[in-house]
1. Can you list residues from other chains, or at least 5 along the same chain, whose modelled amide H is less than 5 Å from the amide H of Ala68?
2. Skipping prolines and chain starts, which residues have an amide H placed within reach, meaning under 5 Å, of the one on Thr137, given they are 5 or more residues away or on another chain?
3. What full-extension length gain, to one decimal in nm, is calculated for Ser579 and Gln1118 as 0.36 nm per residue of separation minus the Cα-Cα distance?
4. With a point put 7 Å past each Cα toward its Cβ, work out how far Trp756 is from His76 in nm, to one decimal.
5. Note down the net charge around Val99, summing +1 for each Lys or Arg and -1 for each Asp or Glu among other residues with Cβ under 12 Å from its Cβ.
6. Given a Förster distance of 30 Å, report the FRET efficiency between Thr529 and Thr250 from their Cβ-Cβ distance, rounded to the nearest 0.05.
7. Taking R0 as 56 Å, what FRET efficiency do you get between Gln1075 and Asn204 from their Cβ-Cβ distance, rounded to the nearest 0.05?
8. I need to check one value: relative contact order of segment 434-508, counting alpha carbon pairs closer than 8 Å and at least 6 residues apart, in percent.
Amino acid sequence: MDLLYTVNRRSSSKFFSNQECLYNGQSLCSLSSRNIVAFTTMTELDDSSGKTRGCHVYVADLNMPWHAHKVLSNKHNITALEWDLPGDKLVMADTAGNVQLWMFKDHILNDWVLIGSAYFPGEHILGAAWFHNGKKTGLVTEKRDSIHYSEKFNHLLFAPSVRQFGGRAAEGVLVVSTTGMVGAIMITKDLQNPICYSTESLGNTRHRITAVDLCYGKNGHFLVAVSSGSICLPIRCFRVLVRKNDDKCTITSQALPSFFLQDGAPKDNSCTVVTHLKFVVREDADSLVIAANSENGGFVEVWELREKSQPVHKLFQPKTLEPFKTVVWQYQSQYRCQSPVTAIATTKLSIVTTLPPPSYVIIALADSSVHCLNRLDCLKEVAFSSLNTSWRPDEPSNKYFKNSVSIAHMDLSWLGCVLLACDTQGNMYLYKLLPDGTSMSLSYACTLLEYCLVTGLDWLDILLCLRSSMIEALCERLDVSFNRQLQSTQQYHYILFLSIKTSLYRMLVTGQSKAADLSSLLMIHSVATAFKSLLRPSDLISHDKGPAESLAAVITDIITDVDKVLLHLDPKEFTVEPSTLQSLQQLIQWVADLALNLLARLPEQRMQVKTGGYELLKDHKALNTVRELLVIIRIWGLLRPSCLPVFLRSADNLDVLALLFCLLSKLVQPNGDTQQQVDDGLIGHSKRNTTHVQKEKVKSIESIMTTKLAIKHKDSFVLKENRLHEKNYTIQQSRLKRYEHLSLPCSTLSVFVVYWFVLCPLIWAICYKFAYWPSYWSFLFWAVVFLIWIVIMCGLIIFWRRFQVEQSLEINAISKYGSDKERRPMNVHQISFEGEEFLGIKKWNDSHESESKIDRENLRRDLPPLVIHKQISGENIEDTDGMVCVEENKKTRLSIASDYAQKSPLQDYLKLVTVSPSEDGEVKSPKTPMSPRDLFFIDLIREAEKVERSLKTRTHFFPSETTKSDSAETVKSITNETDMENVEHRKDVKDTKDENLKDKKDNKLRLKRESNECCLLPNQIMIPQLHQGNSITAIVSPILFYQNLPLQLEYGVEPEQLVFTPEMNFVEGCMHSGQIVDTIRHLYLGRQPLLVKQCTRCGGKAQVQNMTRTAAIRAWDQRWTRACRCGGIWRIHKASQ
């Protein structure tokens, strides 16, 4: 049992120690299932003079205990303080009989609202307990090693305390006073009367009560144990049942067996009184802990409720020999103390289903010592700690020595990993509890995290007990266990699993990037769910396949063109109201920014040290989800261009969404080894420095000069190979045309033979067997047969005509795309460039931006269809680097465009979806809707890219003017390379077994080109920083492992030693705005926003005021209202001015 930290009042004056008596008083503390602490003080925390004496209730998160928020100031002492099971509501009862029910307002930690209150005049409330909701999950001990969660964790039978209509659990509180009164307060849905309450006596007569504790029964009842203070009087137990009748609640109380303490009356004359009663487990009524004090010491005893056989006289014995059993309390164990007991804490929740459940009994004594006792081992002391000892050996003991410290109350967390104690002055002490006094094992920690995953409990107390060396192994073990579950189980617990895994990696210095990737994965899943929920199927009859399923089916086929994906989808199914699309613009912008960051990080992946853990770039499923979102955004942009993401681009005509989709599609393509294409071939040449650009420039010049020499020398092997391909192609086409005219007669003859000589005689023979055959039926039969033959021939002729038309269209398309003009390099006189930009190698080191611009322009000019597209669209093709002049017939170009415009699929698609111009100033688009001619040239560009890729980039444009000094050396080196390439190509032509080697070379060239595109991405688009490395001050962070424990904290003061700034892997070339980004809606809140919502776990910030929006974005905000993405709770943060 180690002390993690203490939170004390601020010492504002020199004589603070002399005024400590002003703060002394009875304090209470309570921990919720979300690890939120509620505690009471006699004066306000910032009061140094004692003027605010009374009773004040504060709440704080265990991860940021210095941010304490005052909920209530009461003039009477608070005697009962309890959280409900979900951890959202708080009950407070005082000595005057006031019971108040409070809850979070909009799930904000430091914003509370009163639900209702009840007043019991003249009653001193001693204890309170919320109604049980009937939900209980336990770990089956016999199946703790099982793979599936459904077998390992069982939902135990546990009835709700109060049932409403339909068996739904009601919310409310049961209280017990010093006079023996029991009261039930139930929350209703009526706004005028939010609560209703009733009272009843525990016994037949009222009697004085000094100690009480309440427990839940399996059948929905309460068990109440009370004591009158003296050990001479019995410990009484009652069974209380609350029922709802209409709008009222009724209470029924029944007495249960009682017992006296083991020692009975004291032998000496000292006055010994019973001070504390506690059930060992809140949901187990079989064990009870009693503490009794004297002037010089005290003792703790454990009693258990068991069945016992009672002897019966022979005259009264039944004929069956079954013993008569009764339920009695039996003494189990005792622990004696040298000082009076001041507080007791027991286990709240039993995780395992074994009986009796393993639990601890923790007691605090008047000498400021804390003892941890094992209940199953006869109250053997497991751990010990004292507040009067020196906490740090390197500092004087009098600095932290407190003579008057006395622990007033203690409470255990729901998982039993930490202990919270508060003294009489309102100071808090947090202890770390470990099983059996040793360190937490890996299997036990994984089991606890899985239990939190199934039940939804908070796991902060588990994180406080972990060691830094076991976190990565714990993440891997948790990941393996989760992946073994059924698909339905994984989908149900997916969000919470990602939150737990993210919080684990956030505790490591080297795990910040992995935590950021997991956070992005969680956001991808949430955004995809939100976007797909807006899609509605056009056909309400077919529910088997909706728009999301059809989109996922299309995405599985790797298509690099986002516009071609749209042709496989029904636009009606993706139609959403324009106002809804505009409200989702921030989420759409986040998806685009994520894709940019992923692609920009790709070249740096090789330079990083390969470590275990999750990486978003290697997750095929997540990348395909991003591709689906890009397709949806593409379609929505046609409906509402203003909802499209905004980019800062170097060129106005750059289609960023199409480029992102293309690069992501190439990234998820599996190679021959069925692995992701993030290998040495993709990122080996992806260095974004000037040296890389120079090497790529030299290679491009060499390829250009190779093509130039191949054209000048007619005996070059490059041209011979082209002619060989053309010859084989023409021979194949001639053979097909030779036998084309014989296909129709042959098919007609075969149908004639089968119909007239097989089918018709067979039918005639079957019909001729009838006895009564009229004479006119034979004529009618052959007439019908002849008419059927005419119909068959007409259908055959129509089919043949359609087949000939389609074949002619295919042949025309093949001749257009694969003609000699497209495959063969153009003449030297047709294209002119200024060679100084390409051969001036000495000038490449001047500026990196100019070189990247030249590379982009070269890549654009290398595509002949792009030049044609520019001429037809009327764009200016003059550039600073040179002028491109293509000498072709204008009429042929227009005829090709008009032929393509008559194709029906594109016209049908354009009837449903029309591309409209963008309304944003930064995103420029054509002023008129895209015509089929424009779409044709777009497809033509992509087909040209495929042709060039298949030909190993042999078709290059080259400068026609070069200097003699530069060209002499270049030609000399290029001739050697061309000779080597000719030898290799001759071997490939002779030996057909080396085709696999060609494919590998093609893959390398393609991967190299993809890496170049990723390297040029930061130069083409301004990439915003997705994950801001904002500092956070919290307990659970990597700084905790480097601190000397215990930490000395103060209320209202953020400790400087706990400030942690995560070191993210920033993408080179990204834009760092320095502003705070809304983690939920991706909004920029400014550098220092005055009022935001801050998460108490990850430190993320979000906007407070929610304006009136559409239902879609309102549903998105409500999704993250109760908790942050990491599972933490929100608090209002005001910036200090």
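No value in this document is a laboratory result; all are computed from the given coordinates. Note that the structure is predicted; figures quoted are calculated from it, not measured. So basically every Cβ, Gly included, is an ideal-geometry build from the backbone, and we count neighbours across all protein chains shown.
1. So Ala68 has HN proximity to Gly1052.
2. Sorted by chain and number, the residues that satisfy this are Leu156.
3. Length gained between Ser579 and Gln1118: 192.1 nm.
4. For Trp756 paired with His76, the spin-label model returns 11.3 nm.
5. -3
6. 0.10
7. E between Gln1075 and Asn204, to the nearest 0.05, is 0.20.
8. For segment 434-508, the relative contact order is 37 percent.
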